[in-house]
Amino acid sequence: MNDCRPLKKATDTAEIVSKGDLRKYYRFRPARFYGGIATADCVGCCLRCLFCWSWHQVIRPEKHGRFYSPCEVAGNLKGIARKKRFRQVRISGNEPTLAREHLLQVLELIPDDLLFILETNGILIGADETYAKDLSRYENLHVRVSLKGCAGKEFSRLTGANPTGFELQIQALENLIRFGVSTHPAVMVSFSGQESVRDIRNRLSGIRPEFASFEIEELAMFGDVENRLRNAGML
Ligand code: SF4
């Protein structure tokens with residue numbers, strides 16, 4: 001049975017996808033987002049979003065990727081960025097924060113002239129403010145926190161996780177701000193009514209006025225996303 005506690009899921013998954021300071025990745029690539037960004041796609045997540053485009057790596061982390069050291073990951077990202085003349089790098093694919101020491105070591109190795117964009121669901125940063133404190137050491141870091149819906153119930157329907165997980169996502173933004181980390185929220189609103197969108201806008205602007213104009217996360221029907229949403233009665 002799927003465990004709906006994201007923190008427990010994070011711990012269990014980290015045991016599969018990390019080993020010492022190594023972490024599993026399934027791909028390194030240049031990507032067109034943010035005007036061009038070197039991307040490392042990691043394996044393993046603590047949520048089960050129905051619209052996830054890297055679902056197979058999420059649900060079967062033991063079957064995908066291989067272990068890389070922080071040095072290999074940073075080297076691959078730098079190599080792609082230099083070759084393509086990108087100014088930005090990121091870890092994407094699944095959830096980068098699951099292997100905390102690995103992530104921090106990768107950040108240590110990224111040169112200051114490259115901006116590292118951390119794309120996260122925020123669960124672990126919301127659960128432990130010292131994670132935000134650790135991230136505050138890096139000036140070339142920006143954190144994009146991807147909110148799964150506009151409130152707890154929506155979050156739960158979309159991710160299969162306990163609704164309280166949504167509060168951890170919000171708390172992540174608050175913790176990052178408290179420690180001076182550059183951050184912004186992106187919100188998946190494709191399954192939300194106008195009232196929910198208005199409510200989350202009010203809530204986010206209460207955290208920081210600029211968050212009223214949050215990034216809208218687009219639903220992309222990659223692979224079997226559409227089938228999964230249909231089977232769950234979401235379409
Ligand atoms: S948080 Fe991201 S990686 Fe994890 S299941 Fe959701 S969309 Fe996929």
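Tell me the net charge near residue 224. Cut-off is 15 Å between Cβ atoms, residue 224 excluded, with +1 for each Lys or Arg and -1 for each Asp or Glu. Computed value for this residue: +3. In this Cβ point-charge picture (+1 for Lys and Arg, -1 for Asp and Glu), the chain has a dipole of about 620 debye about its Cα centre.
Computed on the chain, with alpha-carbon pairs under 8 angstrom and 6+ residues apart, the relative contact order is 18 percent.
Structure remark: mean-square fluctuation, Gaussian network model of the chain, C-alpha springs under 10 Å; the largest value among 174, 218, 129 belongs to 218. For the chain, the C-alpha radius of gyration divided by 2.2 N^0.38 Å, with N the number of residues, is 0.96. For the pair the stretch 146-214 / the stretch 3-50, the C-alpha centres are spaced 20 Å from each other. Give the residues of the stretch 1-31 whose amide nitrogen is closer than 20 Å to a point set 7 Å from the Cα of residue 234 in the direction of its Cβ. Answer for the stretch 1-31: 1-7, 9-10. Each peptide in 48-57, 206-215 gets a packing score, the mean of other Cβ atoms within 10 Å over its residues, and the list from highest to lowest is 48-57, 206-215. Of the peptides 188-199, 70-81, the ranking by mean beta-carbon count within 10 Å, highest at the top, reads 70-81, 188-199.
The label-point distance for residue 195 and residue 82, in a model that sets each label 7 Å from Cα toward Cβ, rounds to 5.7 nm. With neighbour counts taken as other beta-carbon atoms within 10 Å, the residues 45, 4 rank, fewest first, as 4, 45. Its Cα gyration tensor gives the stretch 30-168 an equivalent ellipsoid, and the semi-axes of that ellipsoid, as √(5λ) in whole Å with the largest first, are 26, 17, 14.
Throughout, read-outs are computed from the coordinates displayed, never taken from laboratory work. What you are looking at is a predicted structure, and each value in this text was computed from that prediction instead of being measured. Don't worry about glycine lacking a Cβ; one is built from the backbone with ideal geometry, like all the others, and counts go over all protein chains shown.
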